[in-house]
Structures are given as C-alpha cells and as structure tokens.
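Remarks on the structure that follows.
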Amino acid sequence: MSEIISGTIEKWTKVTAGVTNNNAWHKVSLLIDGVYYAVFSDKADQNPMITLANMQTNIPAGSTVQFSANMKEYNGKKQGTVIPKTMKMLTKGPDKVANTPAEMLEKVTGRKPESEETRGKVRHGVAIAYIEQGATLHKGTLNEMEEWVEYIMTGKLKSKSKPEPEGPNPEILEEDEKKSQNLGSTEQPVEEEVVDY
C-alpha cells in the first residue's frame, strides 16, 4: 500500500548492489523517524551507483523531503520502498558535499580509499591522458602530472615556492624544439622492403 511520507533525512546508507531472480539491483536507503526507506535505481540507468550517489549528494542528510512509498512489515519493523519519481526536496540540509573523486568513492562505498593504491590509479589515468596528447616524458611533465594527481585527489593545488608562468613553460618548449631540430638533421629516408609470401 502506498503512503505519502514527509520528514527530515537522518542519514543515508551506502549504495549496495545485488541480484534477485536473475535481476541486478542497486539501492540506497534513507532513514526518517526511525524507518528505513529503500531507493532502487531505475533498471534502464547506465550508471546506477553514480546516480544513487548523486541523489545522496543533491539531497543530503538534514534535508526535509516528501515522497510516496510502498510500505510493508518485515521482521516486525515497518519499511518502505520509495517511488523515485515522487521524491521532492522541501528544504536542503547542511550535509557536506563530496567534491573530489576520493570523497565520492568514500560516500558511495562507505569506506576510505587506500590512498597510495588510489593515487596510483589516478596517476595511471593522468599518464594515459598525457600519452594520448603526445606529451614527451621529462621532469617538467612528471611534475605537472603529479600536480594533476594531487588536484584530483584533494581538490587543491600544491603550494609552490615561486609563481609559475601561465601556459606552457618556455624553457621546456625551447628544449623540445632543440630536440626536434636535432632529430630532423639526422633523419634518413626509410626504404620500404617488400616481402612476397
């Protein structure tokens, strides 16, 4: 039986996933007045964990909400399943918003990431982006990549002792230009060898 529920969200649970009767599901629950209400992702949703985590971010604990829920008794406790399209936020709560990927990971999974393992994965992603852009590997590029890793992990820039010029570093550009000129002067045309099988 469907009921209209109004109240202040006391807390959200972490996003969970499972399979029932060969149907995959993702859900998160919110607590209002001692009753848990489950919110399931839409079956057509391509990124259900992110969608549910975004719901937690956009409607944080402390928010006053109103929604329809299908209610039932389970082990002597009242529980409900939210009808997502009916969810309305009446007032927004003061809960902290997850601003960095590390904070979002913690919000979605309920655990702090292994910092060095996570940093390594972020560093790998940044390195791939640099490779795809055709960047050359030298000390300046490595320092710049590390700055991106720091920014992605913490949302803050590393403090520097001296101000950096905006745009590409002219010293590095000159160094790269000299290298390309040196390579150009020693290049020999390559003859193609045709092999008949």
>> Just to be sure before I move on: is residue 28 within 15 Å of residue 68 (Cα to Cα), under 23 Å from the mean Cα position of the chain (by Cα) and assigned to a strand (DSSP E or B) in the structure I sent?
In response: no
>> Every residue in the stretch 31-44 that is touching a residue at least 40 places away in the same chain (Cβ under 8 Å) and assigned to a strand (DSSP E or B), please.
In response: 35, 36, 37, 38, 39, 40
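Yes/no matrix, rows are residues, columns are (1) modelled with pLDDT of 85 or more; (2) assigned to a helix (DSSP H, G or I):
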| site | (1), (2) |
| --- | --- |
| 52 | no, yes |
| 56 | no, yes |
| 70 | yes, no |
| 126 | yes, yes |
| 131 | yes, yes |
| 145 | yes, yes |
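The values are calculated or read from the model by the stated rules, or taken from the named source; none is laboratory data. What you see is a predicted model, and the numbers here were worked out from it, not measured in a lab. Every residue, glycine among them, receives a Cβ derived from its backbone with ideal geometry; neighbour counts consider all protein chains shown.
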